Amino acid sequence: HAVAHLRHVTKGPGARGQRQLPARVMRHDGRVVRCVTVREHGRAPVRVLVAQDLTLTGGLRMLHELALYSRAEHSGIPRVQFARASSKGIAAVVTVSQGRTLEALYSSDPVSEKHALQVAAQLSSLVGAIHAANFLLLTVAPTKFVVPQKDGQLLLTDSPLCLPLESSAVRERMRKGDITVLGVPDYLAPEQTEGPGKLCRATDIFGIGAVP
């Protein structure tokens with residue numbers, strides 16, 4: 001099914017019953033990504049990513065994101081259904097997290113102390129699963145999490161800045177790419193402004209405390 005979705009996006013209309021939403025093209029930090037959400041009757045929607053002309057940094061970031069989804073064991077993290085990398089680029093199919101972002105919820109409804117504690121507990125669980133997979137999230141912010149319903153489980157939307165903890169070589173490559181700030185403004189731990197070399201699990205824990 002994942003391959004069928006990929007063909008549907010890259011080669012035009014596919015099987016009956018599929019509906020392709022308008023494509024989004026994202027260009028930032030060396031990533032040129034065509035992103036399409038495909039919905040098929042009776043199945044959960046998926047996000048199809050087709051990336052070409054990637055810089056080294058952009059390619060590493062996309063591969064890191066897919067590796068995180070594959071390795072982290074948590075129901076709130078998107079899952080990879082298909083992925084392939086070649087000299088021409090990267091293509092992948094991942095599940096879609098649907099719901100209202102925490103930012104939207106916070107702006108429309110007053111947040112009680114009880115709800116803030118629930119959010120912090122769910123964030124801790126999700127980030128803990130990411131750390132257990134040997135990754136840092138680096139984007140712990142209200143725009144990066146959605147809630148299917150008011151009291152539902154938090155879901156991660158995407159994580160293009162995630163970084164594998166075990167790879168010092170990756171950090172060195174990213175440092176040479178003049179990347180000095182990794183994260184979301186207003187939710188940065190102090191060390192996030194000093195480049196990849198000083199990032200650690202405590203960086204994400206700072207973000208958990210800043211969100212609720």
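Among the residues making up region 68-91, those that are in contact (Cβ under 8 Å) with a residue 60 or more places away in the chain and more than 21 Å from Leu123 (Cβ to Cβ) are Gln81, Phe82, Ala91. Considering only residues of region 182-212 that are of a type in the set (Ser, Thr, Tyr) and without any contact (Cβ under 8 Å) to a residue 60 or more places away in the chain, which is nearest to Asp109 (Cα to Cα)? Ranking the qualifying residues of region 182-212, first place goes to Tyr187. For region 134-148, the count of residues that are of a type outside the set (A, V, I, L, M) and farther than 19 Å from Thr203 by Cβ is at least one.
Among the listed residues Arg61, Arg71, Arg84, Arg79, identify the single one that is in contact with a strand residue (DSSP E or B) (Cβ under 6 Å, 6 or more places away or on another chain) and under 28 Å from Gly207 (Cα atoms).
Arg79
Looking only at residues in region 155-176 that are part of a loop (DSSP other than H, G, I, E, B) and modelled with pLDDT under 75, the one that is most open to solvent (accessible area, probe 1.4 Å) is Glu166.
Results for (1) in a loop (DSSP other than H, G, I, E, B); (2) modelled with pLDDT of 90 or more; (3) among the hydroxyl-bearing types (Ser, Thr, Tyr), shown as yes or no for each residue.
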| site | (1), (2), (3) |
| --- | --- |
| Ser97 | yes, no, yes |
| Ile130 | no, yes, no |
| Val140 | yes, no, no |
| Gln153 | yes, no, no |
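The values are calculated or read from the model by the stated rules, or taken from the named source; none is laboratory data. Predicted model only: the values in this text are computed from it and were never measured. Every residue, glycine as well, gets a Cβ built from its backbone with ideal geometry; the counts of neighbours run over all protein chains shown. Side chains included, ligands, DNA and RNA excluded: accessible areas come from the protein's heavy atoms. Shrake-Rupley method; radii C 1.70, N 1.55, O 1.52, S 1.80 Å.
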